[in-house]
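The values are calculated or read from the model by the stated rules, or taken from the named source; none is laboratory data. No experiment lies behind these values; they were computed from the predicted model shown. Cβ placement follows ideal geometry from the backbone for every residue including glycine, while neighbour counts extend to all protein chains displayed.
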């Protein structure tokens, strides 16, 4: 029950944040964040065999995470150390929320997929 309450509290904060950010030049950025979160949620829904409810909840978590990271980039564009700290906090919060959406078996699989993707990114960066 606590996880569900926490999720809906964060969801409402995300909605308020999204509403506040959708003015003027931020509309394309908000659409990009929504598209990226939707695409990532769809990929994970297939790979983790998520229920419709899990898929919707995961999409909201991913969107919230992207919105916070975009806000971090804007707020700390001139301070790399502060940006790294803020993003580390966002990633930790995101992981906690994702863990609350997934079953234990799905979370283990999610961690494996994430580790493989990180390894793939490091390989790509170091070979180019």
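Looking at the structure I just gave you, is residue 50 in contact with a helix residue (DSSP H, G or I) (Cβ under 7 Å, 6 or more places away or on another chain), modelled with pLDDT of 85 or more, within 24 Å of residue 117 (Cα to Cα) and not in a helix (DSSP H, G or I)?
Yes: the conditions hold for residue 50.
Mind checking which residues of the stretch 32-47 are crowded, with 16+ Cβ neighbours inside 10 Å and either without any contact (Cβ under 8 Å) to a residue 24 or more places away in the chain or more than 21 Å from residue 116 (Cβ to Cβ) (or both)?
The answer is 33, 34, 40, 41, 45.
Name the single residue that is surrounded by the fewest Cβ atoms within 10 Å (Cβ to Cβ) among those in the stretch 72-81 being closer than 22 Å to residue 29 by Cβ and out of contact with any helix residue (DSSP H, G or I) (no Cβ under 8 Å at 6 or more places or on another chain).
78
Of everything in the stretch 84-102, what is over 22 Å from residue 53 (Cα atoms) and touching a helix residue (DSSP H, G or I) at 6+ places or on another chain (Cβ under 6 Å)? Give them in sequence order.
86, 87, 90
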